[in-house]
Amino acid sequence: MLSGKIALITGGSRGIGRQCALTLAGYHAEVIINYNGSKEKAFETVEEIKKLGGKAHAVKFSVSDFEEGKTAVSQLIEEFGHIDILINNAGITKDNLILKMNDLDFNEVLQVNLSGSFYMIKHLYKQFMKQKYGRIINVSSVSGIMGNAGQANYSASKSGVIGLTKSVARELATRNVTVNAVAPGYIDTDMTHAMTDTAKEAVLTQIPMKRVGNCVDVAETIAFLCSDKASYITGQVISVDGGMHM
Ligand code: NAP
């Protein structure tokens, strides 16, 4: 389904990003796994994909550092000649009620989740225009649609990702570049492991399907949006949340 395509996945070392790398490689894409702190996990995933007969590479940079990302992306384009798919997945949380949330925690989350996605699109924008082909999938969140007490920074960043998605989709539509977002609900990863049991139980009561989602649920939706089957879909936000938002 994705033979001949090269996909760059930010935050591909763990959780949803890692599963995206495995799933896209399973559909025969060559994957470039970006990591920031988790070098070992990124290379473990590369090895896992290679053992399954796929092609994978790992590259370190922080999406929130404009120059670092720009240099890495231009080196990748030089090395591979093309990048066809960008999955803007890297993300962090720094939860707190507004009363306790400081400027630093607010801005850091915005910088990684929103500015980081903007930077990556900017680094690849000309390449996608030149190729007259591209797939951009931004990972938003149910919190960006519904809001969430204690996540003002995170929700603002993920709402921002939706605005970014729709604007870039309009800019690139005539260039055969589609830009979509997925909005996962409550997915079983390190990010949600950090929640308290009370918070987890409270979230479960809001999920009509009464279960936590897994990374495969999200990765398969992303893979579909990357495929030719989704070539007439752009500017959309697809929820993968067991019905939490409908
Ligand atoms: P996770 O398990 O905590 O993994 C986060 C990933 O982001 C890691 O691979 C991490 O890489 C990477 N990352 C963080 N800061 C980075 C930076 N500055 N530069 C490059 N990479 C960076 O989280 P997850 O649950 O898989 O979340 C993935 C995405 O889905 C995020 O955007 C998150 O907001 C979104 N999401 C998750 C859920 C959920 O329930 N889990 C729900 C809705 C949306 P290193 O470890 O290498 O630093």
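Below, the figures for the structure above:
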item	result
Portion, in percent, of the accessible area of the range 75-123 that falls on carbon or sulfur, probe 1.4 Å	52
Folded to 0 to 90 degrees: helix 116-131 orientation relative to the chain principal axis, Cα	30
Selection of chymotrypsin sites (Phe, Trp or Tyr not before Pro), the range 184-246, meeting DSSP coil and at most 10 other Cβ within 10 Å	Tyr232
Mean accessible surface per residue for the range 16-134, computed with a 1.4 Å probe while every protein chain stays in place, in Å²	52
For the range 140-246: accessible area per residue (Å², 1.4 Å)	48
Val203 - accessible surface, heavy atoms, 1.4 Å probe, Å² rounded to 10	30
Average Cα contact separation per residue, the chain, under 8 Å, 6 or more apart, as relative contact order %	19
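The values are calculated or read from the model by the stated rules, or taken from the named source; none is laboratory data. From a predicted model like this one, the values you see are computed outputs, not experimental measurements. In this analysis, Cβ positions are derived from the backbone assuming ideal geometry, glycine residues included, and neighbour counts consider all displayed protein chains. We work out accessible area using only protein heavy atoms, side chains counted, and drop any ligands, DNA or RNA first. Shrake-Rupley method; radii C 1.70, N 1.55, O 1.52, S 1.80 Å.
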